[in-house]
Amino acid sequence: AGFTVEILPEIDSTNTELMRRARAGRLEPVLLVAERQTAGRGRLGRAWQSAAGDSLTFSLGLPLAPRDWSGLSLAVGAAVAESLHPDIGLKWPNDLWLRDRKLAGILIETASFGEQRYAVIGIGTNIAPPAPLPAGAALPATPPAWLRELLPAIDAPQALLRMAPALVQAVQAFEALGFAPFQARFNARDVLRDRAVTLSDGSSGTAHGVGESGALLVHTAQGMMPITSSEVSVRPV
Ligand code: BTN
């Protein structure tokens, strides 16, 4: 199925805008790119800020009917990472990671409209850092990673041309086949593998990759626990 590509100079959030349109009955597939977001959103109610440097922010909105939604963000992460560079890792459930720093984040939101389920898959990618900060300026506690560290000539339009087709293909494959074709692809880039992790409920263990539906397998004192909730945050110890 075809879809429209739309580029806006500025919007609050590409995810918010596509959900607004869906509520107004506009459920057709669209890839919406924003040159600037004034209220970019991340997972768990966090903000996604991209004013500090160059970034690429876009969302794909479309009606979607997979048998099982779990694993969609992992499938998308694997596909877009592959479209960019072999050295980009994946941090469960949905961050692209580069040398222990966050390169890109994925925010998936869904809503039902009658029989239709509409999905919005938003991706924010750090492309290039701002001009050097004045000497002595405070750095953020966890500085982000930038795609230009790996691809010296990349800019946002070029990154979009790589990521967008990979995203569309991944979503179509996921709808038809589920997570199965993506499990090994995710695990090949899993940055938590064999690392000690702490879960947000306080328990800890060792991460052993993802299972066949995308659950993170963590070996704890209680045995192997499949972690499925995206509300459970996982951090390397
Ligand atoms: C996260 O890391 O928590 C997810 C970040 C997702 C950011 C993207 S930028 C395009 C789309 N629009 C938004 O408001 N958020 C997503």
Checklist entry - Taking region 30-64, which residues are charged (D, E, K, R), under 14 Å from the mean Cα position of the chain (by Cα) and assigned to a strand (DSSP E or B)? => result 41
Item to check | Condition check for residue 78: within 23 Å of residue 60 (Cβ to Cβ), away from the ligand (no atom under 15 Å from the Cβ) and crowded, with 16+ Cβ neighbours inside 10 Å | outcome: yes
Checklist entry - When region 201-231 is examined, which residues are found to be more than 21 Å from residue 182 (Cα to Cα) and surrounded by 13 or more Cβ atoms within 10 Å (Cβ to Cβ)? => result 203, 204, 205, 206, 219, 220
Checklist outcome for this item: Given the conditions (1) surrounded by fewer than 16 Cβ atoms within 10 Å (Cβ to Cβ); (2) in contact (Cβ under 8 Å) with a residue 60 or more places away in the chain, every one holds for residue 172 apart from (2)
Checklist entry - Across region 9-37, what is the total count of residues that are closer than 28 Å to residue 143 by Cβ and more than 10 Å from the ligand (Cβ to nearest atom)? => result 4
Checklist entry - Among the strands (runs of 3 or more DSSP E) confined wholly to region 77-178, which include 1 or more residues that are more than 14 Å from the chain's Cα centre (by Cα)? => result 101-113, 116-128
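Taken together, the values in this text are just the output of simple stated rules run on the coordinates, not laboratory data. Given the structure is predicted, the values throughout are model-derived calculations rather than measurements. As a convention, Cβ positions derive from the backbone with ideal geometry for all residues, glycine included, and neighbour counts pool all protein chains shown.
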